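The values are calculated or read from the model by the stated rules, or taken from the named source; none is laboratory data. Only a predicted model underlies this, so the values are computations on that prediction, with no experimental measurement involved. Positions of Cβ are generated from backbone atoms using ideal geometry, with glycine treated the same way; all protein chains shown enter the neighbour counts. Heads up: the accessible areas ignore ligands, DNA and RNA and are worked out on the full protein's heavy atoms, side chains in. Shrake-Rupley method; radii C 1.70, N 1.55, O 1.52, S 1.80 Å.
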Amino acid sequence: MTEKRKNLTRRSFFAASAFSAATLTLIGSTFGNAAADLKRYEPNLRDRLWMWGHGPGTTDNLYNIPKGKKIDMADAIDYMGIPNVYVIRWEGKPEPPFDEYIKQFRKTKRVGWSIIDGAKQSYEQKKQWAFELFDKMPNLIDLNLDDFFHGLGPKEGETVFPAGLTLKQLEELKKEMNAVERKPNLSVVLYTGGKHGQLHPSIKKHLDYCDVVLFWTWHATDLVGLEDNFKKYREIMPDKQTLLGLYMWDFGNAKPITMELMKHQLTFALEKFKQGQIDGMIFHCTPLVDTGLEAVEYSKKWIAEYGDITR
């Protein structure tokens with residue numbers, strides 16, 4: 001972490017960004033505050049919606065997903081009526097340098113960026129790129145650890161769940177992130193459900209270093225146990241900020257998600273939002289948006305109907 005980044009002032013922060021005054025006006029008054037203010041959600045549901053972003057065409061020929069027209073992330077979230085996006089590098093996309101690519105997010109309210117993901121570069125390289133983006137993206141408020149936990153639990157005789165980073169590495173990462181003026185969040189992916197779930201008490205050791213948990217059910221057929229799995233999660237992490245992941249394709253079984261299960265998880269998500277049990281939701285994923293899937297179109301209408309609900 002450079003001394004320049006540590007001491008970045010409000011004035012130099014906006015001067016260093018690529019945003020013009022006209023663009024900031026379009027985004028709204030939120031960017032008139034310090035970037036850290038973006039971590040505070042508005043009461044309405046829509047402000048708390050995110051989308052999982054992958055590069056255009058990255059799902060082609062995978063999981064039996066139909067090919068789309070290669071929609072990019074910003075266009076996808078605009079279509080869905082979702083204000084926030086996680087940029088998760090997959091299949092090597094987006095490729096560095098990112099200066100041109102990130103221009104699409106000028107009107108995006110909040111952005112997360114992966115530093116553990118499926119791209120081939122090292123964690124250190126990904127982390128370096130992400131920290132450089134703080135000087136260029138006023139709306140970058142989150143660094144993400146994707147596919148973080150490995151396996152189903154600690155081996156016999158061990159007490160730490162296998163993961164993409166050691167506890168020591170997480171401690172160092174949090175120190176580096178806390179040196180950034182906006183104090184970005186650290187988010188982590190957690191898979192739940194059936195025999196593929198990671199709901200082992202030892203995950204707490206890693207999750208204590210993270211600010212936000214993204215709670216996913218990989219196999220749609222495991223959504224029948226969503227209530228029980230979420231309860232088990234809250235027994236381990238009762239107060240952790242949590243986004244409920246909503247798949248619009250059954251990746252685990254490589255087929256379309258049934259509308260019954262799609263509606264089931266949306267109903268569950270809305271209930272938990274009203275109860276204050278989750279902080280928001282995250283829809284998966286941007287390459288699906290232009291494929292004509294029924295689950296995508298239903299989700300779009302659902303967001304339009306319930307987005308203004310507050311709690």
For Glu95, the lone unmet condition from (1) surrounded by 14 or more Cβ atoms within 10 Å (Cβ to Cβ); (2) part of a loop (DSSP other than H, G, I, E, B); (3) of a type in the set (D, E, K, R) is (1)
Filter segment 178-193 for residues that are on the phi < 0 side of the Ramachandran plot and over 17 Å from the mean Cα position of the chain (by Cα); the one that is surrounded by the fewest Cβ atoms within 10 Å (Cβ to Cβ) is Asn178
Residues that are surrounded by 15 or more Cβ atoms within 10 Å (Cβ to Cβ), hydrophobic (A, V, I, L, M, F, W, C) and more than 21 Å from the chain's Cα centre (by Cα), drawn from segment 246-276
Leu261
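Taking into account only those residues within segment 106-138 that are assigned to a strand (DSSP E or B) and among the aliphatic types (A, V, I, L, M), which is nearest to Leu165 (Cα to Cα)?
Among them, the one singled out is Ile116.
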Within segment 265-272, is even one residue in contact (Cβ under 8 Å) with a residue 40 or more places away in the chain, in a helix (DSSP H, G or I) and basic (Lys, Arg)?
yes
Please pick out the residue among Lys127, Lys109, Lys103 that is in contact (Cβ under 8 Å) with a residue 24 or more places away in the chain and out of contact with any strand residue (DSSP E or B) (no Cβ under 6 Å at 6 or more places or on another chain).
Lys103
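Take the residues in segment 277-297 that are part of a helix (DSSP H, G or I) and under 17 Å from Trp52 (Cα atoms); name whichever of them is most open to solvent (accessible area, probe 1.4 Å).
That would be Glu297.
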Kindly establish whether Gly153 is on the phi > 0 side of the Ramachandran plot and open to solvent by 10 Å² or more (accessible area, probe 1.4 Å).
yes
For the subset of segment 98-126 comprising residues that are out of contact with any Phe, Trp or Tyr (no Cβ under 7 Å at 6 or more places or on another chain), basic (Lys, Arg) and at pLDDT 95 or above, which member is surrounded by the most Cβ atoms within 10 Å (Cβ to Cβ)?
Arg110
Sort through Ser187, Ser202 and tell me the only one that's closer than 28 Å to Gln265 by Cβ, in a helix (DSSP H, G or I) and modelled with pLDDT of 95 or more.
Ser202
Restricting the first residue to segment 286-311 and requiring it to be free of Cβ contacts under 8 Å to residues at least 60 places away in the same chain and of a type outside the set (Val, Ile, Thr), which pairs with a second residue that is surrounded by fewer than 17 Cβ atoms within 10 Å (Cβ to Cβ) and in a helix (DSSP H, G or I) meet a Cβ separation below 8 Å and a spacing of at least six or different chains?
Glu294/Met259; Ala295/Met259; Tyr298/Met259; Tyr298/Lys263
